Amino acid sequence: MPDKQEKRIYRMNGIISIFIVILIVLILESQHIRFIDFVLKNFLSLYISALLVGLTISVLAYIRSFYVPISTLNPHIINKGKIYNFVVGRELHPRIWNLDWKLLVIRNSIITKFLIDFCLLGDKVELYIDFAGQMFNANLNNLTPTCIVYFTLTAVYAIDGLIFEYTRVTSKELQQEAFGYYMGVRYFIDPFIASLTTKYILDHNIMLPYWELGLVTGIFLTGYLIYRGSNNQKDSFRKNPYSPTFSNLDTLPTTQGKKLLCSGFWGLVRHPNYLGHILIELSIVPFVLKSPLLFIILLKVAFLIHRSIRDNNHCKLRYESAWDRYCSKVRYYLIPKVY
């Protein structure tokens, strides 16, 4: 992906990374180095450490931004205060040793969340491994259908984020949002906050009836298909809008020389990626319906709705009359015939 300075190269090895991490954990456990126990016993300390690391990286990114070319800065920080610049970020694509900071913290967040859940699950089944003695023991009777369904759904979402991490390259987050306190701290602490749901389900032995598990799975899969399908379609269209794949889809030209896709997923609603993500979040609600964790999920949904409104306003400023024509064809933000 080129910018005004150079061609940026992204190394997409997230899925390999997560398998290496899990393999290392299994090897440590087989050598009687109780990694799982360490993570669970030091959960709060690790959370605080992650918060401090995220804060440190945010400060370094802010200081670094004063020593890079102006063309690499976020244009939206002009005439903004120092606090705003620190929180939102100044530099669009900070890198070190050709590693993109934004992609790195996002990948780290996904792998950390999966790893914490893996540790919680391993502790629940009393996982014991000894490669030398060729022994593997796990009390699978401790796993309930509710636990299995929840962990499977979250694992699918995590692995999806690593398999298709290349689609993030064309996302608004990587291309147009700067790296600041918000992004740095958020992605370091999010795995710990998200894993509280897994911990709650295991500690309180949450049991959902089979019909509810089926409903949860249906909502998740619907959201996932919309989320993944729309993101893949957007990524392919941005990389090559003239591909034969899009020959039968409706598009609108813009004064910037680009095209707006207004059919397929993007003809259903204006922000199908957010719709899919919201459905994925809502599928978790039955697991935490009687817990304060429900508030966190509702906050995430509110955040996604806010982002859809923000992106809509941004597109209106950017594409002007072309966006008005798009809105006349695709009338609804998130829910067809409703909103």
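Per-residue Cβ neighbour counts within 10 Å put H271, H32 in the sequence H32, H271, beginning with the fewest. The label point for L99 and the one for I163, both projected 7 Å from the Cα toward the Cβ, are 2.6 nm apart. Centroid-to-centroid, using Cα positions, region 200-251 and region 301-327 are 21 Å apart. Please list, by residue number, everything in region 254-282 whose backbone N is under 13 Å from a paramagnetic label point 7 Å out along Cα→Cβ of Y242. Those under the cut-off are 258-259.
Restricting the calculation to alpha carbons of region 236-339 gives Rg and Dmax of 16.2, 51 angstrom.
Projected label points at V68 and L252, each 7 Å from Cα along the beta carbon direction, are separated by 3.3 nanometres.
Length gained on full extension, L52 to N232, computed as 0.36 nm times the residue gap minus the Cα-Cα distance: 61.4 nm. Here the Kirkwood formula puts the hydrodynamic radius of region 51-110 at 12.2 Å, using every distinct Cα pair. Put simply, the Cα atoms of the chain extend 66, 51, 39 Å along their principal axes, the longest span coming first. Axis of helix 145-163 versus longest Cα principal axis of the chain: the two differ by about 40°, to the nearest ten degrees.
Among N232, N240, N248, the largest mean-square fluctuation in a Gaussian network model of the chain (Cα springs under 10 Å) belongs to N248. Sorted ascending by nearby beta carbons within 10 Å, beginning with the fewest, W211, W101 become W211, W101. With a simple spin-label model that places each label point 7 Å from the Cα along the Cα-to-Cβ direction, the separation between H306 and Y200 comes to 2.0 nm.
A protection proxy built from the mean count of other Cβ atoms within 10 Å ranks the segments 324-332, 77-85, 104-112, 89-97, most packed first, as 104-112, 89-97, 324-332, 77-85. With only the Cα atoms considered, region 181-283 has a convex hull volume of 139 Å³ per residue. Fully extending the segment from D37 to H76 would add 9.5 nm, taking 0.36 nm per residue of separation and subtracting the current Cα-Cα distance. Extension gain for Y182 to R331 (0.36 nm times residue separation, less C-alpha to C-alpha distance): 50.5 nm.
Rounded to the nearest 500, the helix-only mean residue ellipticity at 222 nm of the chain stands at -20000 deg cm²/dmol, with each DSSP H run of n ≥ 4 adding -39,500 (n - 2.57).
A short reminder: the numbers here are calculations on the coordinates, not readings from a lab. All values derive from a computational prediction rather than experimental measurement. So basically every Cβ, Gly included, is an ideal-geometry build from the backbone, and we count neighbours across all protein chains shown.
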